[in-house]
Every structure is written in C-alpha cells, then in structure tokens.
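All remarks here apply to the structure that follows.
The values are calculated or read from the model by the stated rules, or taken from the named source; none is laboratory data. All figures in this text were calculated on a predicted structure; none of them were measured in a lab. Backbone-built Cβ (ideal geometry, glycine too); neighbour counts: all protein chains shown. These area figures cover heavy atoms from the full protein model, side chains too; ligands, DNA and RNA do not enter into them. Shrake-Rupley method; radii C 1.70, N 1.55, O 1.52, S 1.80 Å.
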Amino acid sequence: MNVQRYLPDSDYIDSPMTLFAILAGTTGVMGSYVLTGSTPRFIVAPIDQLVVQLTPGPIVAFMIQNVGDPAHLIHLTIALAIAIGLLAGTALIGMAFINRFDHRFIGGTLTGSTAWLLTTLITNEPLFAVGAAGPVAIVTIISIPPASSEPTDQPRRRVLKSLIGAVGFMGLTAAVNRGATTTSNAQTSQEMDPGVASLMKEADDKSLTIQGDIPSLVSTFEEFYNVDIAQFDPRIGTNEWSLTITGEETETIYSFEDITSQPTEHRFVTLRCVGESLNGHKLDNAIWTGTPIKPLLEAADPAGACGCAMLHADDDYFVQFPVEALENGFLAWGMNGAPLPKSHGHPVRILIPGHWGETNVKWLREIELLNEAMDGYWEQRGWHGTGPVNTVAKLWSDVVLENGNIEVAGHAYAGTRGIERVEVSIDGGATWHDAELSEPLTGTDVWRQWRYEFTPAGTHEVVVRATDGTGALQPETPAEAYPSGASGWVSKTVRG
Ligand SMILES: Nc1nc2c(c(=O)[nH]1)N[C@H]1C(S)=C(S)[C@@H](COP(=O)(O)O)O[C@H]1N2
Ligand SMILES: [Mo]
C-alpha cells in the first residue's frame with residue numbers, strides 16, 4: 001500500500017497549520033515574557049494599555065465598581081489573545097511560504113523578521129523583541145516537515161520538537177539577558193537608616209496587642225495595597241529618571257541625584273483609595289523617605305492663574321489638584337527603609353498629606369502649574385477623589401479569645417484631621433463604648449489602631465465609628481465609593 005506523505009498539499013493546510021500558528025503565537029508571547037517579565041517591554045503590556053484606553057470611560061467606571069479587581073483579568077485576557085493572534089499571523093506567512101516553495105529557512109526568516117518588526121512596533125524595544133520573534137520562527141520552521149521526511153514525522157512529534165526548540169531558545173535568551181544585567185542589578189545590602197529604624201521601633205512600641213489578623217501600624221510591602229491604571233508597572237532606572245517642574249515662565253529639571261541630595265526626612269504617611277469599599281483594605285501606612293517639595297516649587301514660580309497643578313506620570317497617569325495641597329507634598333524615594341519598590345512608583349512618587357490616594361502620583365515625571373483647571377484621569381471617569389479623605393473606622397477582625405470574650409479590632413483614619421476617638425456599639429448602635437486606641441504615631445497623616453473586647457451574650461450587631469481631631473463624628477449616612485469615597489459606619493454581626 002502506498003503510504004501517503006505529508007506533502008505541502010491543501011489537506012495539510014487546514015487544521016494543523018492553524019494549530020501550529022497558535023502554538024507559535026503562544027510560544028512567542030512566552031518568549032517575550034521570559035525576557036521582559038511583567039514590564040512594559042512585554043508584548044502584551046502595550047496592547048493591554050491600548051485595550052484599556054479604547055474602553056469607554058463609563059464602562060471602565062462600571063467595571064471598577066461592579067467587577068473590581070477581576071476586571072484586570074478581563075482586559076488582560078483580551079490583550080493576551082490579541083498578542084497570540086498577531087504573532088500567529090506572522091507564523092502563517094512563513095508557513096504559507098514553506099508550503100509553496102519548500103524553503104524552510106527562508107520561510108522561518110520571513111516569519112521571524114515579521115514577528116520581530118511587529119513586536120518592535122508594539123513595544124518599541126528592538127532588542128527585547130527578539131524574545132518573541134525567535135520562538136515564533138522556530139515553531140514555524142519545525143511545523144512543516146521537509147518534503148523528504150519520513151511518514152513517521154507526525155504533527156504530534158513536531159509539536160514536541162518545536163516546543164523543545166522554542167523553550168531552548170527562551171533559555172538561551174534568558175541566560176544572555178541575565179549575563180548582561182547581573183552587574184547593574186547587583187544590590188548592595190545596606191544597613192537600615194537609623195531614622196527609619198527609630199520610626200519602626202516607634203510603630204512597634206505603639207502597636208496594640210491584637211489577637212486578630214490585621215496589619216500592624218506599618219504595612220509591609222506585601223500588605224501595602226496597590227492601585228494602578230496600567231497592568232504593567234513602568235520600569236525606570238534612577239539614571240534615566242528626571243522631574244520637570246513647569247512654571248509660568250520657567251521649566252526646571254531635576255535629576256534623581258538632585259532630589260535625593262535635598263534635606264532628607266522619614267515620615268509615616270497613610271494612604272487610602274477613594275475607590276475602596278467602606279470596610280475595604282485599600283488603606284495602609286508606611287515609613288517613607290524623601291524631601292518636602294515646597295522649596296522646589298517655590299524655585300519654579302508657581303504663579304499659575306488657577307492655583308492648580310497637573311501631575312504627570314510615566315504610565316500616562318495624570319491628576320490635577322490645588323497647589324495649596326501640593327505645597328505640603330513630600331517627594332518619596334524610599335519606603336520602609338528600602339528604595340521605593342517598582343509597584344509603588346520607583347524611583348520617585350509624591351505623597352500629598354490627607355488627600356485621597358489618587359493624588360499620590362507614582363513614577364512622577366512632571367509637575368505642570370496650570371492656568372486653567374482640567375480633569376485628571378479619574379475625574380474624567382466621574383470620580384471626585386482629589387480632595388481630603390473621609391473619616392473611616394475599619395472593623396477588620398473579630399475573634400473569640402481564649403477567655404471566651406470577643407475581640408473586635410481595626411484601624412481608623414481621618415487624614416490630617418487625625419483620629420481622636422473610636423467608639424464601638426455591640427447592640428446595633430443603641431449604646432456606645434470607647435475603644436482602646438494606639439498612641440498616635442509621629443506625623444500629621446497617620447492612622448490609629450483600635451481594639452475592643454466584650455463578653456458575648458448571643459448575637460451582637462457590632463458597629464464602629466470614629467471622631468476626628470476636629471471633634472467631628474464620622475457621618476452615619478452610607479454612601480458607595482463612587483464617586484466621592486465610601487462613607488457610613490461599619491457594622492458586623494458577631495456571635496460568641
Ligand atoms: N502613576 C500613577 N500614580 C498613581 C496611580 C496610578 O495608577 N498611576 N494610582 C493612584 C491611586 S488611585 C492610588 S489609591 C494610589 C495607590 O498607591 P499604591 O499603589 O502605592 O498603594 O496611587 C495613585 N497614584
Ligand atoms: Mo485610588
């Protein structure tokens with residue numbers, strides 16, 4: 001019997017080719033990731049950014065309110081599919097060529113260079129684009145057997161072969177990349193700054209003893225919440241970074257060196273996101289190292305007609321708020337004794353005392369003193385999050401203690417107004433008791449911990465409310481986060 005060969009005929013072209021193209025696209029995306037990681041150099045990153053940008057504002061706002069964090073997964077999956085599809089397209093070009101002319105090398109080169117060009121156009125990173133192009137070319141070449149091949153060279157074997165080839169290529173690029181970057185990444189382990197160490201000790205000493213599992217007075221890097229408009233954090237070296245302050249007449253540019261040679265301070269500063277739910281966890285405190293911005297602003301004649309400024313960041317984030325608030329700002333390059341992590345704005349972010357998280361621009365690039373007020377990124381999407389924070393008392397833990405009592409605990413925060421008092425009711429708000437409060441930390445924009453212990457009798461409706469430093473009681477009327485921040489008293493049913 002005549003055994004049929006896998007010749008490049010039309011039968012062949014149908015399904016295996018599409019499958020191989022998808023395989024090629026997938027390995028290309030993997031190859032890109034191996035070389036770039038979760039950075040804007042990753043081929044999916046700019047596509048994801050575009051997907052987010054093209055999504056109409058009201059839909060973005062709706063997703064944030066109703067889907068929350070998983071919304072990221074949705075646009076990320078779309079971006080991933082687009083990236084795989086685009087690279088698969090380049091694989092199809094080479095495959096068609098090989099099928100027609102039986103020239104595997106030229107076909108592979110055709111695919112490889114198209115994939116490289118496309119990735120470079122998307123990421124603007126010609127060198128790193130090789131990571132995506134290589135695997136696509138390899139899978140393309142191996143996907144189609146030479147006309148002279150044995151009939152045993154079945155698609156399944158070729159899938160395996162091409163995977164081995166693609167993974168081998170990824171290993172090679174990863175190794176070369178590591179060799180090239182080890183010197184620049186070499187971290188000198190340094191002693192913690194004594195200023196930071198003393199604040200750490202202060203926080204330790206002032207932390208209440210709480211059985212429940214809640215953050216201490218200083219959130220760790222892992223605990224500290226993150227809110228980003230982009231899926232991938234910008235990666236900016238301190239050498240390539242600069243801050244431009246654009247005044248009425250002048251434009252002043254500061255290097256990282258210029259900023260960090262200013263008088264250095266260590267401060268506790270608490271951040272809270274306007275988008276978090278009433279009892280949510282987008283509220284954290286850290287020890288920040290930096291310098292006050294006021295002297296730099298004054299040097300830049302901040303005589304904008306609106307008395308407002310637009311802050312711009314490397315991820316294309318922008319926010320506008322009054323110079324009055326900006327003047328109290330703090331340019332931070334350190335967090336909890338380490339350089340500012342990438343996810344929190346490396347190399348420099350700004351901290352605006354008492355204002356919602358969104359004013360605390362990460363990867364800060366430019367401060368532009370405006371003549372006319374304009375909406376920021378979130379304001380364009382309907383949020384009102386540039387002003388002072390609402391007062392909140394969180395009920396983050398309730399546990400039954402060994403003695404049978406119930407301990408309820410959490411944190412309370414009111415920005416620069418400070419927290420004066422936290423009260424707890426165990427009967428749905430009929431009667432109130434003062435909670436134990438942690439000693440206030442040094443600083444003007446810090447949270448406090450509270451704790452209350454009681455002997456249970458059946459089911460309790462526990463309610464908690466705070467009074468700020470001006471003597472104002474936290475408003476009881478509930479409000480959703482959108483558009484001006486959640487408010488109301490947190491309550492929870494607790495059983496002994
Ligand atoms: N450049 C930039 N800055 C930003 C954001 C952002 O997406 N990009 N998010 C803002 C929001 S909404 C909040 S609540 C805080 C969160 O800071 P964190 O991620 O360090 O906790 O950063 C603000 N600064
Ligand atoms: Mo936020």
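Considering 367, 352, the condition of being free of Cβ contacts under 8 Å to residues at least 40 places away in the same chain, within 16 Å of ligand 1 (Cβ to nearest atom) and of a type in the set (Val, Ile, Thr) is satisfied by 352 alone.
Can you give me the ranges of the strands (runs of 3 or more DSSP E) entirely in segment 390-457 with at least 1 residues that are among the β-branched types (Val, Ile, Thr) and modelled with pLDDT of 95 or more?
Numbers: elements: 397-400, 406-413, 419-425, 448-454.
Here the list reads 397-400, 406-413, 419-425.
Restricting attention to segment 274-287 and to residues that are near ligand 2 (Cβ under 8 Å from one of its atoms) and in contact with an Asp or Glu (Cβ under 7 Å, 6 or more places away or on another chain), the residue that is least open to solvent (accessible area, probe 1.4 Å) turns out to be 274.
Within segment 400-417, the residues that satisfy the criterion of being under 12 Å from residue 211 (Cα atoms) and buried (at least 16 other Cβ atoms within 10 Å of the Cβ) are 406, 407, 408, 409, 410. The condition of being surrounded by fewer than 20 Cβ atoms within 10 Å (Cβ to Cβ), assigned to a helix (DSSP H, G or I) and without any contact (Cβ under 8 Å) to a residue 12 or more places away in the chain holds for only one of 78, 82, 93, 74, that being 74. One residue stands out among those in segment 359-382 that are in a loop (DSSP other than H, G, I, E, B) and farther than 17 Å from residue 230 by Cα: the one that is farthest from ligand 2 (Cβ to nearest atom), which is 371.
Taking the condition within 16 Å of ligand 1 (Cβ to nearest atom), buried (at least 17 other Cβ atoms within 10 Å of the Cβ) and either among the small types (Gly, Ala, Ser) or at positive phi (or both), does residue 387 pass? Taking the combined requirement at face value, the residue satisfies it. Here residue 46 fulfils each of the conditions (1) at pLDDT below 80; (2) at negative phi; (3) open to solvent by 20 Å² or more (accessible area, probe 1.4 Å) apart from (1). In the set (1) within 14 Å of ligand 2 (Cβ to nearest atom); (2) open to solvent by 30 Å² or more (accessible area, probe 1.4 Å); (3) touching a Phe, Trp or Tyr at 6+ places or on another chain (Cβ under 6 Å), the condition left unmet by residue 314 is number (1).
Taking segment 327-348 as the search range and keeping residues that are assigned to a strand (DSSP E or B) and open to solvent by less than 10 Å² (accessible area, probe 1.4 Å), which one is farthest from ligand 2 (Cβ to nearest atom)? Only one residue tops the list, namely 334.
Regarding segment 118-134, can at least one residue be identified that is hydroxyl-bearing (Ser, Thr, Tyr), out of contact with any Asp or Glu (no Cβ under 6 Å at 6 or more places or on another chain), open to solvent by 20 Å² or more (accessible area, probe 1.4 Å) and under 30 Å from residue 49 (Cβ atoms)? There is at least one residue in segment 118-134 that is hydroxyl-bearing (Ser, Thr, Tyr), out of contact with any Asp or Glu (no Cβ under 6 Å at 6 or more places or on another chain), open to solvent by 20 Å² or more (accessible area, probe 1.4 Å) and under 30 Å from residue 49 (Cβ atoms).
When residue 324 is tested against (1) within 14 Å of ligand 2 (Cβ to nearest atom); (2) outside any loop (DSSP other than H, G, I, E, B); (3) not basic (Lys, Arg), only condition (1) is not met. When 435, 414 are checked against the criterion of being more than 16 Å from ligand 1 (Cβ to nearest atom), under 19 Å from residue 287 (Cα atoms) and hydrophobic (A, V, I, L, M, F, W, C), 414 stands alone in meeting it.
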